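Written out below as structure tokens is the structure these notes cover.
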Amino acid sequence: MNTYSTDYLKNQIEENIAMLHETTDTASNQTFYKAAAKTVNDILIERSKHFQAQAASKGVKQVNYLSMEFLMGRSLKNSLYNLGLVDQFEKIMKDYDVNLTDLYECEPDAGLGNGGLGRLAACYLDGFATQGYNAYGYSILYEFGIFQQKIVDGWQTELPDNWLPGGRVWLHAKPELAVDVHFGGYIDEFWDNGYHFTSHKNYTTVKAVPYDMYVSGYNSPAVAILRLWKAESPAFDMESFNRGDYTHALSQSMTAEAISKVLYPNDNHTQGKMLRLRQQYFLCAASVADITNRHMREYGTLDNFAEKNTIHINDTHPTLAIPELMRILLDECGYGWDHAWKIVTKTFNYTNHTVMKEALEVWNEDIFKEILPRIYQIVAEINRRFVEEMNQQFAWDTMRIERMAIVSNHQVRMANLCVYTSNKVNGVSKLHSEIIKQNVFHEFYDLYPAKFTNVTNGIAYRRWLLQSNPWLTNLLKSTIGDGFLQDASQLKKFEKYATDKKVHKQLAEAKLSAKKALASYMKKTQGIEMNVNSMFDVQVKRMHEYKRQHLNALNIITDYLYLKENPNADFVPKTYIFGAKAAPGYYMAKQIIKLLCCLAEEIKKDPVISKKLSVVYLENYSVTLSEYIMPASEVSEQISLAGTEASGTGNMKFMLNGAVTLGTMDGANVEICERVGNDNIVIFGMDAEQVETTKEMGYAPIEYYNNNPDIKRAIDFIESGVAGSTFPDIANSLKWNDPYMVLADFDSYRKAQAKISELYQKPDVWYTMAAMNIANAGYFSADRSVKDYATGIWELE
Ligand SMILES: *Cc1c(COP(=O)(O)O)cnc(C)c1O
């Protein structure tokens, strides 16, 4: 597939360096990075054009994946890898005395997402391209992505993520495809010749300009396009300006540009801010305009829109695409309601990502109406018809109808609109998809059982194995060949080597190399020392009470207090590694970060204990950092309260790299367990059903505090002081409320930790487990997930 000669590539790089007014003799790594990136991006643009032309000529159905977040990470290494150009670029750079891996380090992460949800969207672009689907991702070109986290004196501080200076080379502006988006104003309604018309008056216009990012498939001609919308003020308002209204003209442009300024840093939690609603409508209106414009150019009618397009809604954030497509069909194309509704309901599909109350999006009706007057009318009409339909079926059950309504109680409920409208609704793991049917949407499920389905999440496994873990990749190539590079299911062949002593030794060597690489990277970038001869026990993910980093902390504290009293006790040396960003306004999450940092400091002060036990808090957990961490991990902490983590994808990255999962029966852990078998995972705690019954019986955490001396000692310890700080709010929350039932699972977690230590001391057992995890990780590939979407939901060929 590689048709680019080294001479050609070298020539392109040198031209790009010249364009930056430098020469290969004087150029810095930054300049080499930009020149290399531009060279690769030009190749991607060419290939994308070619692929698009092919798709258009065959009239294939297009996938449009709308998501407020795409957590892309870096592009250079991934693109070179997928295009098969790594060796050539290495050689070229060597000629200039430049190290290719140093250039990778020049690239900022494109951090246009918060965590799992945004990373999933990014992994799916990789899957779409590799599987050869004609796919567009749609999102916002945030000028500032997820904040850069600095830990200062144990507290999280947030710095703006100014990624564009280094990230811009990956963006391809398409000003000719810009569209206008309208906000505010009012709706004039009138009748003419027996027809009802509406006219949107006095609105504010924001211009949406697309910038494309490209993701090449691995060993595939397909390229996925991520179309990112930048908000601009429309051609400067000369009218106001000339009228002498200078400040109005300028403030208009500032309001417009604010829309794509910054990503909201909340994960699994909604913030009902007007700017956020504007961002959501901006994404939806621009994307739906783009999709319908393209379809009109191709077919000249929207009658067959749903046959040639599917629009996928990643969580409820892009729900407004539904009424927006209705608006276009009704107001701009003259369709009647029923015909328009038929097209819309065939077009949309929706993925639910959470069942937690605080994350279910609702908008205040008055705000909604003020910002989006026409969209409000359409949503109200959808609701009116829905309620009418329900009244015919359940007139006796007004409570039920109220619960299912789309607009009620002065709120617009995005999830209900999605579920009612969408052709298919899916959860992201088997367990989560069941919970959706039985709990949050069970009334919709009773009515429309065929709508509900499951697609278990998957990851771009090449990024976390082939590109990040050369040591393990080489071992796999030497044992099972290289079929797994293209087809993750072939990892299964490694099962044959699971009990092979020679392979165990090689697995141990590969792990040690990755641990050393992480340790030296952390030393260099954050000044952190790590003992590579200790077990690396890792919990990296967003900081959230439901993910229970504080359960992990309580166990470490219990060990620490035990070692204080028994300094000579037998103890498997361990390093507990944490990495997590907290939403800036999430008080409890920030307290937990401080607690972990204080715990790290307290333990470090004791020279004897710190030989056996240490805690490190890695700053600024991000996609790039995770690429260093995953290969080096030995224990994967997946300890959320059962029923709260929809799937998780971090758990998949860990197992792929041979870490053993220490987890609850939650999200995709359940399916990991099913695949590796009970002997190759350590499960603890209540399952989702037991959580429900325990809650129903009335959960009283204080009883656990009073009856379990370890719990009492650990909580008293954080209340009395850790490295000079006290944490009464965490302690009180645990004792008196404990919404995520940390104390109920504590004892079982301790036993599971003890089991991990025991297993780790038997290398034969441990590396068999590691091998079984690697061999069974293939199912959790994004390639498999997107195929499930394609056949089960989008009806692609
Ligand atoms: C994979 C990933 C996540 C998701 O982790 P979970 O453990 O599934 O919550 C979050 N952030 C980053 C940077 C990731 O790479």
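Which of the following residues is of a type in the set (Lys, Arg) and away from the ligand (no atom under 16 Å from the Cβ): Lys564, Lys547, Lys541, Lys581? Can you show your working first?
Details: Lys547 fails: away from the ligand (no atom under 16 Å from the Cβ); Lys541 fails: away from the ligand (no atom under 16 Å from the Cβ); Lys581 fails: away from the ligand (no atom under 16 Å from the Cβ).
After ruling out the rest, the residue left standing is Lys564.
Please work out if Val412 is farther than 26 Å from Asp687 by Cα and buried (at least 22 other Cβ atoms within 10 Å of the Cβ).
Working: farther than 26 Å from Asp687 by Cα: yes; buried (at least 22 other Cβ atoms within 10 Å of the Cβ): yes.
Spelling it out, Val412 is indeed farther than 26 Å from Asp687 by Cα and buried (at least 22 other Cβ atoms within 10 Å of the Cβ).
To keep it simple, each residue is scored yes or no on (1) more than 28 Å from the chain's Cα centre (by Cα); (2) among the small types (Gly, Ala, Ser).
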| site | (1), (2) |
| --- | --- |
| His172 | no, no |
| Glu176 | yes, no |
| Val181 | no, no |
| Trp191 | yes, no |
| His196 | yes, no |
| His200 | yes, no |
| Tyr218 | no, no |
| Ala231 | no, yes |
| Lys273 | no, no |
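Hey, Glu298 hits all of (1) touching a residue at least 24 places away in the same chain (Cβ under 8 Å); (2) under 30 Å from the mean Cα position of the chain (by Cα) but one; which does it fall short on?
(2)
Out of the residues in region 621-675 meeting the condition of being within 12 Å of the ligand (Cβ to nearest atom) and of a type in the set (Asp, Glu), tell me which one is nearest to Gly145 (Cα to Cα).
Selected residue: Glu627.
So which of Glu307, Glu388 is under 19 Å from Ile793 (Cα atoms) and surrounded by fewer than 17 Cβ atoms within 10 Å (Cβ to Cβ)?
One residue alone meets the criteria, Glu307.
Scanning for something crowded, with 23+ Cβ neighbours inside 10 Å, aliphatic (A, V, I, L, M) and under 25 Å from Asn669 (Cβ atoms), does region 519-537 turn up at least one residue?
No, region 519-537 has no match at all.
Cβ-Cβ below 6 Å, separation at least six or inter-chain, first residue in region 536-557 and under 14 Å from Ser626 (Cβ atoms) and assigned to a helix (DSSP H, G or I), second charged (D, E, K, R) and more than 13 Å from the ligand (Cβ to nearest atom): which pairs?
Every condition considered, no pair remains.
Can you tell me which of Leu125, Leu117, Leu71 is within 16 Å of the ligand (Cβ to nearest atom), outside any helix (DSSP H, G or I), in contact with a strand residue (DSSP E or B) (Cβ under 9 Å, 6 or more places away or on another chain) and over 22 Å from Asp7 (Cα atoms)?
Result: Leu71 is the single residue among Leu125, Leu117, Leu71 that is within 16 Å of the ligand (Cβ to nearest atom), outside any helix (DSSP H, G or I), in contact with a strand residue (DSSP E or B) (Cβ under 9 Å, 6 or more places away or on another chain) and over 22 Å from Asp7 (Cα atoms).
Give me the residue from region 169-180 that is touching a helix residue (DSSP H, G or I) at 6+ places or on another chain (Cβ under 9 Å) and not hydrophobic (A, V, I, L, M, F, W, C) and, out of that set, nearest to Arg294 (Cα to Cα).
The qualifying residue nearest to Arg294 (Cα to Cα) is Asp180.
Give me the strands (runs of 3 or more DSSP E) completely within region 565-681, filtered to those with at least 2 residues that are more than 18 Å from the chain's Cα centre (by Cα) and either aliphatic (A, V, I, L, M) or modelled with pLDDT under 95 (or both), ordered by residue number.
Counting at least 2 such residues, we get 613-618, 660-663.
What's the number of the only condition in (1) farther than 22 Å from Ala122 by Cα; (2) touching a residue at least 40 places away in the same chain (Cβ under 8 Å) that Asn11 fails to meet?
Among (1) farther than 22 Å from Ala122 by Cα; (2) touching a residue at least 40 places away in the same chain (Cβ under 8 Å), the lone unmet condition for Asn11 is (2).
Output the number of the condition that Ser785 fails; it satisfies all remaining conditions of (1) touching a His at 6+ places or on another chain (Cβ under 9 Å); (2) crowded, with 20+ Cβ neighbours inside 10 Å.
Here Ser785 clears every test but (1).
Limited to region 510-531, what total is found for residues that are touching a residue at least 12 places away in the same chain (Cβ under 8 Å) and either outside any helix (DSSP H, G or I) or out of contact with any Phe, Trp or Tyr (no Cβ under 9 Å at 6 or more places or on another chain) (or both)?
Count: 6.
Taking Thr157 and the conditions (1) assigned to a loop (DSSP other than H, G, I, E, B); (2) out of contact with any helix residue (DSSP H, G or I) (no Cβ under 9 Å at 6 or more places or on another chain); (3) β-branched (Val, Ile, Thr), which numbered condition does it fall short on, given that it satisfies the others?
Result: Thr157 fails condition (1) only.
Please tell me if Ala790 is buried (at least 22 other Cβ atoms within 10 Å of the Cβ) and in contact with a Phe, Trp or Tyr (Cβ under 9 Å, 6 or more places away or on another chain).
When the stated conditions are applied, Ala790 does not pass them.
Tell me the residue from Leu472, Leu465, Leu417 that is in a helix (DSSP H, G or I), within 16 Å of the ligand (Cβ to nearest atom) and hydrophobic (A, V, I, L, M, F, W, C), please.
Leu465
Here's a check for you: in region 676-688, which residue that is surrounded by fewer than 24 Cβ atoms within 10 Å (Cβ to Cβ) and of a type in the set (Gly, Ala, Ser) is nearest to the ligand (Cβ to nearest atom)?
Residue satisfying both the conditions and the ranking: Ala688.
If you scan region 1-14, which residues turn out to be surrounded by 13 or more Cβ atoms within 10 Å (Cβ to Cβ) and charged (D, E, K, R)?
Residues satisfying the conditions are Lys10, Glu14.
What is the residue count in region 492-509 for residues that are touching a Ser or Thr at 6+ places or on another chain (Cβ under 9 Å), part of a helix (DSSP H, G or I) and in contact (Cβ under 8 Å) with a residue 24 or more places away in the chain?
6
For the subset of region 564-584 comprising residues that are surrounded by fewer than 20 Cβ atoms within 10 Å (Cβ to Cβ) and in contact (Cβ under 8 Å) with a residue 24 or more places away in the chain, which member is nearest to Met522 (Cα to Cα)?
Pro573
Restricting to region 725-772, name every residue that is surrounded by fewer than 19 Cβ atoms within 10 Å (Cβ to Cβ) and in a loop (DSSP other than H, G, I, E, B).
Within region 725-772, Thr726, Asn737, Pro739, Gln761, Lys762 meet the criteria.
Within region 146-166, does at least one residue satisfy the condition of being within 17 Å of the chain's Cα centre (by Cα), surrounded by fewer than 24 Cβ atoms within 10 Å (Cβ to Cβ) and over 26 Å from Lys58 (Cα atoms)?
yes
Does Thr456 count as assigned to a helix (DSSP H, G or I), closer than 22 Å to Gln131 by Cβ and either without any contact (Cβ under 8 Å) to a residue 24 or more places away in the chain or out of contact with any Pro (no Cβ under 6 Å at 6 or more places or on another chain) (or both)?
no
For region 722-742, check the following and say yes or no: at least one residue is within 16 Å of the ligand (Cβ to nearest atom) and under 18 Å from Leu431 (Cβ atoms).
yes
Considering each of Ile187, Ile140, Ile151 in turn, give the residue that is touching a residue at least 40 places away in the same chain (Cβ under 8 Å), hydrophobic (A, V, I, L, M, F, W, C), away from the ligand (no atom under 16 Å from the Cβ) and touching a His at 6+ places or on another chain (Cβ under 8 Å). Working first, answer last.
Values: Ile140 fails: touching a His at 6+ places or on another chain (Cβ under 8 Å); Ile151 fails: touching a His at 6+ places or on another chain (Cβ under 8 Å).
Matching residue, one of Ile187, Ile140, Ile151: Ile187.
What residue, of Ala135, Ala110, Ala27, is within 16 Å of the ligand (Cβ to nearest atom), aliphatic (A, V, I, L, M) and either farther than 25 Å from Pro160 by Cα or in contact (Cβ under 8 Å) with a residue 12 or more places away in the chain (or both)?
Just a single option satisfies the conditions, and that option is Ala110.
Can you confirm whether region 327-334 contains a residue that is surrounded by fewer than 17 Cβ atoms within 10 Å (Cβ to Cβ) and under 33 Å from the mean Cα position of the chain (by Cα)?
The answer is no; no qualifying residue exists.
The values are calculated or read from the model by the stated rules, or taken from the named source; none is laboratory data. Note that the structure is predicted; figures quoted are calculated from it, not measured. Positions of Cβ are backbone-derived with ideal geometry, glycine not excepted, and every protein chain shown enters the neighbour counts.
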